[in-house]
Amino acid sequence: MEKTINFLTRKQYSGLFFASTILVSLGILIVTIGGSWDVTSHLLNRPETFFSPSHTILYTGVAIALASTVIKFFSWKNLPDETKSQHAKQVKLAILGIAVLVGAGPFDFFWHSNFGLDGLLSPPHLFLIFGMMLCSTASMTSTVRYSNNKLISNSYTLSHFLIIVGLLAVVLSTSGLFYSLSLPFSDTAHFKFNPDPSFAVAFTTIAFPFLFSSILCLSSSFVNYKFGIASIVGTLFLIINAVTSIVQNSFLIPTLGFYFFGVIPIIIFDVMLSNFKRKLQYLAGVIPGACFYFFYFPLITHTYNEVFSHQIVWPSMTALIYFEMLEPVFPLVVIPAAIAGILGTIFANKITKKLRLI
Amino acid sequence: MKKLFLYCTIAVSLVAYFSLTLFVLPPSFLEKPELVPQPTLDVNIEKSEINLGESFEIKITSNNIGDPADIQIVSIGFPSLDKIDDIVKITEFDFTQSPHYVLIGDEVGSEYTAGLKTVTAKHPSIEAFSRPVNTGDQYHIDLEITPDSVGEFTIYVKTVILPHYTDLAHYPQSGHLDYQDEYVEVYSVAVSNP
């Protein structure tokens, strides 16, 4: 019979560590969903208090992530020494991330109380996003390291599906950072934090395709290029974006069919990687890169509008402005975005190698 | 052979996707008829004459009888006043956003341009607004006014729906123009010494 330490066996602590790591990712995923909803509700009906439904979801996610990080830390302390040292850096990063994330709550409340309606890019929001990124990245790498042997096996296991939560938390929290650095939603009565429109367009054209391509590639390479996980990650990203940014605005509901056609290039990418593995990896990276203008609908309309259209983007006019800009914008951005997509796959390759080697 | 089939499937799917998203679907969104929202107002003032020191109530109901829109603003201006202070009190409102007080000197939008053209406010006003406003949506705001001097107490009332693309998007559509170059309905109450 296995020896018990502080009520549990080593094996049970190990399971608890894995479960809490996934829950940290789940908490961050909930935070990102609340955050995305919050951005949309600011666009649609200007919530005037700190106690809005989107903030409630957001801070519920923080609570889940916080509780899970505490459990993760105590279970990690009781892991066998070898496993413990393998995850030490990730646990420390997760603790730092959750500390920043939790600290962002009172900071945000203070900001709302003193400066009223805040912009997207504000010091407390940056703290929040930075904390989210640290937590989600630390948890995703912990999950991959912990279940590496299961992930590279030929058949599907529970770990294959749990890694999806980690990958979604990373892509959505990083998208949150990229949105704050590019959307023109940050000027308020007290502060003018809107990015320069030309910088915002250049940044969006490079950063979003790079990110989306990296995450899809990681979704495939983490599971040894098995078909399915990248498609699920990409499709769930589309569903979350649709629920938080499209469905909330009744004027955009007719565009849902158009938006979900985005599943096609995601599946093609997955098929290419699962059939040709690394041979066609870079070519495959072109696809999510070139399609980013569709995946990140509707919010990127606001960024490109600042340079290409100069209209007031009313919620009822978002789709019209987006489609009007398609003709001038898409030919300009498709090549740099495709190159960023290739760079994303190169980056993903390096990350995969690093996580497998250490 | 299998690989060739796969290459062909990938190529055809990509061509189909880009054809749909770049050429087939966008025109259907670009050709959509423009929405035509149409706001109306119902203003009810309980008294036309009062004595100095007394109060009167004004009840305003806004409606959108046209297509859904993003925002409807009801503006209640007080050209007889320099500042609102305790003279005007909001007793009730059900607009989705908190009313906004405009002070003399504030920069405000003009000519129904939603802030693209601006002027400086020449008298105080209260702006009540809701967003979004669907067809048939009604909102109310009630004010209690206690004038502090004798004479005519004048009130300007107007509503505008944004985005503003046709003359139907504001109410009234003719009559007196205020400093924002926008039409207003003019109401007044005679205030006399007791």
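Quick grid of which residues meet (1) in contact (Cβ under 8 Å) with a residue 60 or more places away in the chain; (2) in the same structural domain as A:S316 (by TED's automatic domain parsing); (3) under 30 Å from B:V36 (Cβ atoms); (4) touching a strand residue (DSSP E or B) at 6+ places or on another chain (Cβ under 6 Å):
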position	(1), (2), (3), (4)
A:C217	yes, yes, no, no
A:S221	yes, yes, no, no
A:G228	yes, yes, no, no
A:L238	no, yes, no, no
A:I253	no, yes, yes, no
A:G257	no, yes, yes, no
A:V271	no, yes, no, no
A:N275	no, yes, no, no
- Of all residues in the range B:103-127 being assigned to a strand (DSSP E or B) and either of a type in the set (S, T, N, Q) or more than 14 Å from chain A (Cβ to nearest Cβ) (or both), which is surrounded by the most Cβ atoms within 10 Å (Cβ to Cβ)? B:S125
- Among the candidates B:T96, B:T61, which residue alone is touching a helix residue (DSSP H, G or I) at 6+ places or on another chain (Cβ under 8 Å) and in the same structural domain as B:D142 (by TED's automatic domain parsing)? B:T96
- Pull up the range B:69-78, narrow it to residues that are farther than 24 Å from A:S52 by Cα and part of a strand (DSSP E or B), then point me to the one that is farthest from the other protein chains (Cβ to nearest Cβ). B:G77
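For every residue, the table says whether it meets (1) away from chain A (no Cβ under 14 Å); (2) not in a loop (DSSP other than H, G, I, E, B).
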| site | (1), (2) |
| --- | --- |
| B:I60 | yes, yes |
| B:S80 | yes, no |
| B:F129 | no, yes |
| B:D148 | yes, no |
| B:K158 | yes, yes |
- Task: From the list B:I50, B:I65, pick out the single residue that is in contact with a strand residue (DSSP E or B) (Cβ under 7 Å, 6 or more places away or on another chain), away from every other protein chain (no Cβ under 13 Å), among the hydrophobic types (A, V, I, L, M, F, W, C) and over 30 Å from B:A190 (Cβ atoms).
- Result: B:I65
- Message: I'm trying to understand the selection: among the residues of the range A:99-133, which are charged (D, E, K, R) and not in a helix (DSSP H, G or I)?
- Response: A:D118
- Message: Taking the condition of being surrounded by fewer than 14 Cβ atoms within 10 Å (Cβ to Cβ) and at pLDDT 95 or above, how many residues in the range B:72-88 meet it?
- Response: 0
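Could you check the range B:49-58 and list, in sequence order, the residues that are in a strand (DSSP E or B) and among the charged types (D, E, K, R)? Write out each step before concluding.
Step one: list which residues in the range B:49-58 are in a strand (DSSP E or B), which gives B:49-51, B:56-58.
Across the range B:49-58, the qualifying residues are B:E49, B:E57.
Out of the helices (runs of 4 or more DSSP H) lying entirely within the range A:276-347, which hold 1 or more residues that are not aromatic (F, W, Y)?
Counting at least 1 such residues, we get A:281-290, A:300-308.
Condition (residue is closer than 19 Å to A:V334 by Cα, buried (at least 17 other Cβ atoms within 10 Å of the Cβ) and not β-branched (V, I, T)) applied to the range A:269-276: is it met by at least one residue?
Yes.
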- Query: Which of the residues belonging to the range A:93-104 are surrounded by fewer than 20 Cβ atoms within 10 Å (Cβ to Cβ) and in contact (Cβ under 8 Å) with a residue 40 or more places away in the chain?
  - Reply: A:L93, A:V102
- Query: Taking A:I246 and the conditions (1) crowded, with 18+ Cβ neighbours inside 10 Å; (2) among the aliphatic types (A, V, I, L, M); (3) within 10 Å of another protein chain (Cβ to nearest Cβ), which numbered condition does it fall short on, given that it satisfies the others?
  - Reply: (3)
- Message: Between A:G234, A:G228, which is closer than 23 Å to B:F5 by Cβ, in contact with a helix residue (DSSP H, G or I) (Cβ under 8 Å, 6 or more places away or on another chain) and more than 11 Å from every other protein chain (Cβ to nearest Cβ)?
- Response: A:G228
- A:V62: in a helix (DSSP H, G or I), crowded, with 20+ Cβ neighbours inside 10 Å and at pLDDT 90 or above, yes or no? yes
- Here, helices (runs of 4 or more DSSP H) confined to the range A:140-246 with at least 1 residues that are under 18 Å from A:Y296 (Cβ atoms) are A:158-182, A:197-221, A:229-241
- Query: of a type in the set (D, E, K, R) and within 7 Å of chain B (Cβ to nearest Cβ) - does that describe any residue in the range A:322-329?
  - Reply: yes
- Note on the structure: When every residue in the range A:277-316 that is under 22 Å from B:G115 (Cβ atoms), in contact (Cβ under 8 Å) with a residue 12 or more places away in the chain and hydrophobic (A, V, I, L, M, F, W, C) is compared, the one surrounded by the fewest Cβ atoms within 10 Å (Cβ to Cβ) is A:V307
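The values are calculated or read from the model by the stated rules, or taken from the named source; none is laboratory data. Owing to the predicted nature of the structure, the values given are computational and were not obtained by experimental measurement. Cβ sites come from the backbone with ideal geometry, for glycine too, and all protein chains shown count toward neighbours.
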